[in-house]
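Visitor: Pasting a structure here, questions to come.
What follows is calculated from the coordinates using simple rules that are stated; it is not laboratory data. Since we're looking at a predicted model, the values are computed, not measured. Positions of Cβ are generated from backbone atoms using ideal geometry, with glycine treated the same way; all protein chains shown enter the neighbour counts.
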Amino acid sequence: MVLIHEPLLSRASTQTGWARQRSAEEICASYLLNQDGTISNEHPLRLDQLLERLSGGAATDEHELTLQLEIKSHADEQLAIETAQETMTQVVRHSGALRVNVEIISFWPAVAVLAAKHGLRARLIIACPYVPEALAEWGAAVGLFGVILEGPYFASSALKPWRKAGLSVMSGVINDAALLEPVLSFQPAAVATDRPHELRREIEALLSAANRSPHAPVRAPGEPHA
């Protein structure tokens, strides 16, 4: 099981083809691409390597560190389910020694249901809040931990029923402080971003000028984040 953002390997690494068509050894022998498409000096990690690095030692506070693992597949629900099953097997195997909370996140509802059945925190990623009351009822019924909502669609009409049902709500990727500012007024549990350090500085400066403070941690998607 390899940690890589793109199922089509050439979009994220020097390897070619679909991830499902390559062995972990082949993928991990490649080099990751930088955001500008240049080749980095870093290789993809296997999931077990990451879990080993996050195991052992002193336990952290339960709110201090969270690892989100996104289950991805391209137009293949069965592959998403199989990927989730192997991911959860590895997470459960390391659960006694892990120093972090683990959340399974995915656009695939079946993955969220499966993770919840295994007793893991599950977040469903949604593009916009269609029928929020129905999602709240379904989420509570299947044991969903929370949702990740794209920033432009934050609205009280959606967040109120979700939170009433006990669902945690965080924001999808936001990379601009001006776009983040109105989302923070809804007090998301966290905010995903591709530039966590820069965005934190920018939003703190912006809110400081307005004599306000941020309400949510700024996090990098796909990585352990404090």
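Visitor: Cβ neighbours within 10 Å, averaged per peptide: list 101-113, 31-43, 165-177 in order, most packed at the top.
Guide: On the way: 101-113: 21.5, 31-43: 11.1, 165-177: 18.7.
Taking the mean over residues of other Cβ atoms within 10 Å, the ranking is 101-113, 165-177, 31-43.
Visitor: Taking 0.36 nm per residue of sequence separation and subtracting the Cα-Cα distance, how much length would be gained by fully extending the chain between Trp138 and Ala75, in nm to one decimal? Intermediate results must be reported in sequence, preceding the final value.
Guide: Working: separation 63, 0.36 × 63 = 22.68 nm, distance 2.32 nm.
This chain segment gains 20.4 nm when fully extended.
Visitor: Let's test the formula: R0 of 25 Å, r as the Cβ-Cβ distance of Phe107 and Thr38. What FRET efficiency results, to the nearest 0.05? Intermediate values should be presented prior to the final figure.
Guide: Numbers: r = 29 Å, r/R0 = 1.15.
Using R0 = 25 Å, I get an efficiency of 0.30.
Visitor: Describe numerically, in nm with one decimal, the distance between label points set 7 Å from Cα along Cα→Cβ at Glu86 and at Arg201.
Guide: Label-label distance for Glu86 and Arg201, simple model: 4.0 nm.
Visitor: Hey, what number do you get for the chain at 222 nm if only DSSP H runs of n ≥ 4 count, each worth -39500 (n - 2.57), divided across all residues, to the nearest 500? Before the final figure, lay out the partial values.
Guide: On the way: 8 runs with 81 residues, N = 226.
It comes out at -10500 deg cm²/dmol, rounded to the nearest 500.
Visitor: Follow-up. Give, in nm to one decimal, the length gained when the segment between Ser23 and Val173 is fully stretched (0.36 nm per residue of separation minus the Cα-Cα distance). Before the final figure, lay out the partial values.
Guide: Details: separation 150, 0.36 × 150 = 54.00 nm, distance 2.96 nm.
Contour length minus Cα-Cα distance gives 51.0 nm.
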